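See structure below.
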Amino acid sequence: MNPVLKLTDVTRIHGEAPHEVLALRGISFEAHPGELVAVMGPSGSGKSTLLTIAGGLDRPTAGSVTVEGTDLAGLGQHGRARMRRTSIGYVFQGFNLIPALTAAENVALPRELDGVAPRRARAEARKALEEVGIADLADRFPDDMSGGQQQRVAIARAVVGERRLILADEPTGALDTETGEGILQLLRARCDAGAAGVLVTHEARHAAWADRVVFLRDGVVVDETGADRVDVLTGPGAR
Amino acid sequence: MSQRIGGWRVALRLARREAWRRKAQTVLMLVLVCLPVLAVAAAAVVWRTADVSGAEGVDRRMGTAAALVSGSGTTAVLQAFDPDSITSWLGEEEHVSTEEEVRSVLGSERTLVPLAQEYLAYETRRGRADLLVTQTELADPLTHGLLRLTDGRYPRTTGEIVVNAAAARRGPGLGETIAVMRSGSDGEIRTELRVVGIAESATTRDRPAAAVLPGAVGAPDDQPRWLVGGGPVTWDDVRALNAVGLFAASRQVLSDPPPDSELPPEMVSHAPVDETTVTALVLVTTMVLLEVVLLAGPAFAVRARAQARTLALVAASGGTPAQARRTVLASGVVVGLLGGVLGVLLGIGLGALLMPLAQRLQGTWFGPFEVPWTLLLVVAAFGLAAAVLAALVPAYSASRQDVVAVLAGRRGEGRPSRRSPVLGLVLIAAGVGSGVAGSGAGGASPPLVAASALLSVLGMVLVVATAVALVGRVARSWPLAVRFAARDAARHRTRTVPAIAAVGATVAGVVTLGIALNSQQAADERDYDPQFAHGYGVVQVEPEADPSAVRRVVAGRLPDARVEELTGVRSDSEAGWTEIAFQVAGEDLMVQTTGAFGTQYLVGSSVPAVTGLDPAARERADSALAEGRVVLLRGSEDEAGEGAAAVDLVRAVVRVSDEDGTPRDGASVEVPATTVPAGGQIAPAAAILPPEVAGELGLSVGPTALAIAPTVPGTAQADLDEALATLPGTGVLYVERGFRPDDSVRILQWVLAVLGGVLMLGGTLTATFLALSDARPDLATMSAVGARPRTRRRVAASYALVVGLVGALLGAPVGFIPGIAVSRPLSRGDDGATLLAVPWPLLAVVVVGLPLLTAAAVGLCARSRLPLVARID
């Protein structure tokens, strides 16, 4: 099975010498359909950089990033934006919903940005909201919703339009334990339905929802003990 | 008390730091406060410099003399401190004042230099033109200041002359010979003089002027005038001069006038304070202040919001609402002070830069550069007031903000007030009422009309918040960018409402003035009465004129022109002044005429086309003349009057007044008559007589005017005028061009559209870019879910569109209220009918065109790079 996301020897250097910071050093990484991969590691280990590069928000200094067979490095700004509208969904810790838009409109946003007629986009959004269990809140504004509800909207936005790669950055960070578990359950369900998920977290119990855990330290993938460098960590079921 | 000052000190320090920290925002605020202050300050500097007053003006009038004394023509007069303002003749008999009389009052040791200033004519390259000639002892130090020599030298003999640049441009220049003509009772005296210098007159810049030694161009017709040297001429001296029939402008009295109680009671002026001017001034000042406050408002709102978290933390740790309010208000104080001072200083600089340009537009010479500090202080205070007022609403919102919501990071504001739209509608209704009351048929009341403008605009401002909320609600089915802009605008009302209100107020003002101007112009067009047929030109000729010379002049300039001689009764003949009365049943028929053809009674066997009769009337008149009937022309005003009924038979009675003015009846004859309508309100001539009737009445008949068939181009007219002026007994050329809208109206409409555009652009741009900087996180989110870079442009353009369109749609109808109120008195005709001429193209430009244009401009100028979520947290 072809991986949905494939990072090959990705290096990302922030800034310029002599003040350069090596955020990622030659990382290779894959996520396959139906798989939820947890990325763990201490602060500053490069988790978030990994996600921004996987989503095409940032470009690697070296190495290649392929999403559903398309090399992001070969795409321009427009092409990467299109990938985010059609193939990649983001879920943020701070929800990042647009307060001026209703829940349904927030979910419909990627579809509308992709040129889908508003009516159709909204219908798809309602379906997505139904799938995350909050269809009745479709016309509410984010400020009138609880944190858990907002994060469900964010997940609905990340999956709407049959996108197959979900990148979640600490999606439960701003939620209480119970609500957080619900959100992870939802993510797991989306992956079981065929999507590939990458979950950045620093809580071990969240990693339990994942098929596989990747540890990052100082920009390299290390083994579970966190001691040795693991050069290749691919293939499903490597847990 | 000291605690209160202390509170302000902290607030001011915070505001100063904040202003420094958010430099871009501060610059924006400063620009908004600074620009109007700068414009007014520059205008004030130019105005004060252009306005020649006090000692400056005295120098221009009397050189270095102590006084300018002039004869009155009689033996006793009264005058105000300045004889140019109010004077009164007490003497009955005619009297020519002499130098001895002046000396008898002021002392025999005084120097007297005769000064005459009169309009004569001179030969230009194209014909002749007026020339303001000063005759005085140009070498005498008393005359210094009347002229300024720029080239050559002053005349030393009576055969020499200096002219100003304006005269030299149109006629002979330095070193050439100029011919100056004085026409008197015994014909015209022509004097040839050599131009030895170019000297500018202190009084006029753009009109031809010259100066010669006394007697160079004959004796002046006017009363004698003298420049008086020696010590100051006091008010008592002036009164003594008045007692012998002399007027005096004294340097001392003009520069330092005695109290009004010294004036003779008849000379005290009771000029009433002009209500309209005061009202207009108050209205303009209030509207400008409102506009500045509204334009600067969004910037202060955004700054207050940026401080919201700090203020919420202060409140959470026990700060009072008053402290929060003060912190925001202090921003207004800091920006207002800085903006006021900066605006005034830059305004003085701009005024100095504009001075040469302003001088070119002005016919008189400017005085030395002058800075009206007191006025500028008021202008700077205006800037401060505007900034503080702009910070007022954000300050109150800041003091009442929901601390919990702010600390929880919820953006946006609560529901709009329910009371303010109601109050707004009440104010608008009051504006309508005030407009109706102030523009009724009973007489217009400027204060009521001004109140109508202010009330309706203020009402509109109060309605904006509700309108914005409403737009947010109906945005559901709109395209994403517009929907986002509309909803975001509704969520951030303290930022959006003033910007939209500023656009609305601008549009309302433009619409009001546009309707007023257009209606007045429509009324002028309605009331316009042509002199004769459209497109024709007419030159009146006196009996001594040579019509063929006129033909030659016209043919020289307009080879294709058809020139027709109009024959008529010459009223002014050797026998005396001739009038013809047309009597029906012994009563004179009253007929008004414009006298455009140099006679009241045309003579001919057909009707000249230049009369402008409509074809049917002309045909009827022609056949009547062929039958030997008299054709009576009647304007619509005559028709409405007495004796309007058609007349079949009249008795034409010739009355000749002799030199004493007593009329005596001459020949009279009973003739059949036909009455035809003249077409206009007033007929160009009273009647057209068949030649045999004129002969029967023994009238002096000859050419009275020449009609030039259409059309004399406007460009040729100035040339023709100057050429015709050289022909004796020839009047000026009048060309009937129909109603010509005043150029100033068109220019004003352009100015309105441009000013409206600039203000709208200002309001829209501030609101849009403040909104964009506020919307950074939202744009970052959009980017994360795959927005194209151009989405930012679309959002920016949508913001501009929402602000511009909502403002324009609110402002335009509001502008109709004072617009109609102003147009009613302006367009009221004699019959009491009023006109309402709405300038639809202007309206379309302002309401639809400008918002779209602004949106397009904003869309193009906005950066297309989307912000990135720097760290997805």
For a quick check: with amide H placed at 1.01 Å from N, whose amide H comes under 5 Å from A:Val4's, ignoring anything fewer than 5 positions away on the same chain?
A:Ala31, A:His32
For chain B, with only Lys/Arg (+1) and Asp/Glu (-1) charged at the beta-carbon, what is the dipole magnitude about the Cα centre, in debye rounded to 20?
10300
Would you mind calculating the relative contact order of chain B from Cα pairs under 8 angstrom and at least 6 residues apart, reporting the percent as a whole number?
15
Show me the three semi-axes of the equivalent ellipsoid for the stretch B:537-735, from the C-alpha gyration tensor (sqrt of 5 times each eigenvalue), largest first, rounded to whole Å.
29, 20, 14
Please work out the Kirkwood hydrodynamic radius for the protein assembly as shown, using every pair of different C-alpha atoms, and report it in angstroms with one decimal place.
37.7
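Kindly report the accessible area of the protein assembly as shown per residue (heavy atoms of protein chains, probe 1.4 Å, no ligands, DNA or RNA), in Å². List each step's numbers first, then the result.
Numbers: 49790 Å² over 1112 residues.
I get 45 Å² per residue for this part.
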How far is the Cα center of the stretch A:21-55 from the Cα center of the stretch B:807-835, in Å?
69
Show me the three semi-axes of the equivalent ellipsoid for the stretch B:417-512, from the C-alpha gyration tensor (sqrt of 5 times each eigenvalue), largest first, rounded to whole Å.
32, 13, 10
Of the accessible area of the stretch A:5-227, computed with a 1.4 Å probe and all protein chains kept, carbon and sulfur make up a percent value of 47
Charge dipole (debye, nearest 20) of the stretch B:113-225; +1 at Cβ of Lys and Arg, -1 at Cβ of Asp and Glu:
400
Whole-angstrom gap from the stretch B:467-509 to the stretch B:738-776, using each part's C-alpha centre
19
To the nearest 500 deg cm²/dmol, what mean residue ellipticity at 222 nm is calculated for the protein assembly as shown from DSSP H runs of n ≥ 4 alone, each contributing -39,500 (n - 2.57), summed and divided by the residues?
-15000 deg cm²/dmol
I want the antiparallel fraction of DSSP beta bridges within the protein assembly as shown, as a percent rounded to 5.
75
Enumerate the amide H contacts of B:Ala705 below 5 Å, restricted to partners 5 or more residues apart or on another chain; note that Pro and chain-start residues carry no placed amide H.
B:Val541, B:Leu566
Over the C-alpha atoms of chain B, what are the Rg and the largest Cα-to-Cα span, Dmax, in Å?
36.2, 114
On a C-alpha basis, how far is the centre of the stretch B:208-273 from the centre of the stretch B:20-76 in Å? Whole number, if you could?
26
With the charge dipole of the protein assembly as shown built from beta-carbon charges (+1 for Lys and Arg, -1 for Asp and Glu) about the Cα centre, the Cα from B:Ala780, B:Ala395, B:Gly343 projecting farthest to the positive end belongs to B:Ala780
Within 10 Å, Cβ to Cβ, of B:Val302, how many net charges do the neighbouring residues add up to if Lys/Arg are +1 and Asp/Glu are -1?
+3
Over the stretch A:5-227: Kirkwood hydrodynamic radius from C-alpha pairwise inverse distances, Å
17.7
Relative contact order for the stretch B:165-281, counting Cα pairs under 8 Å that sit 6 or more residues apart, in percent:
17
Please pull out the direction-averaged projected area of the stretch B:190-291, using the convex hull of its alpha-carbon atoms, in nm² to one decimal place.
13.0
With every protein chain in place, the residues of the stretch A:114-131 shedding 50 Å² or more of accessible area versus the chain by itself (probe 1.4 Å) are A:Arg122
How much accessible area is lost when chains B and A come together, counting both sides, with a 1.4 Å probe, in Å² rounded to the nearest 100?
2900
Rounded tilt (10° steps) of B:850-861 against the dominant C-alpha axis of chain B
50
Can you give me the long-range amide H partners of B:Ile189? Hydrogens built in the peptide plane at 1.01 Å from N, cutoff under 5 Å, separation of 5 or more residues or another chain.
B:Arg182, B:Ser183, B:Gly184
Probe 1.4 Å, all protein chains present, accessible-area order of B:Ser104, B:Ser420, largest first
B:Ser104, B:Ser420
The stretch A:40-191: relative contact order from alpha carbon pairs under 8 Å, six or more residues apart, as a whole percent, is 27
Estimated dipole of the protein assembly as shown in Debye, rounded to 20 [Cβ of Lys and Arg +1, of Asp and Glu -1, Cα centre]:
9220
Let me test this: with uniform point scatterers at the alpha carbons of the stretch A:54-169, what is the Debye-based log₁₀ I(q)/I(0) at q = 0.11, 0.16, 0.17, 0.18 1/Å?
-0.36, -0.71, -0.78, -0.86
Leaving ligands, DNA and RNA out of it, report the carbon-plus-sulfur percent of the accessible area of chain B at a 1.4 Å probe.
59
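The values are calculated or read from the model by the stated rules, or taken from the named source; none is laboratory data. In this text, all values refer to a predicted model and were calculated from it rather than measured experimentally. Glycine also receives a Cβ, built like all others from the backbone with ideal geometry; neighbour counts cover every protein chain displayed. Surface accessibility is based on the protein's heavy atoms, side chains included, excluding ligands, DNA and RNA. Shrake-Rupley method; radii C 1.70, N 1.55, O 1.52, S 1.80 Å.
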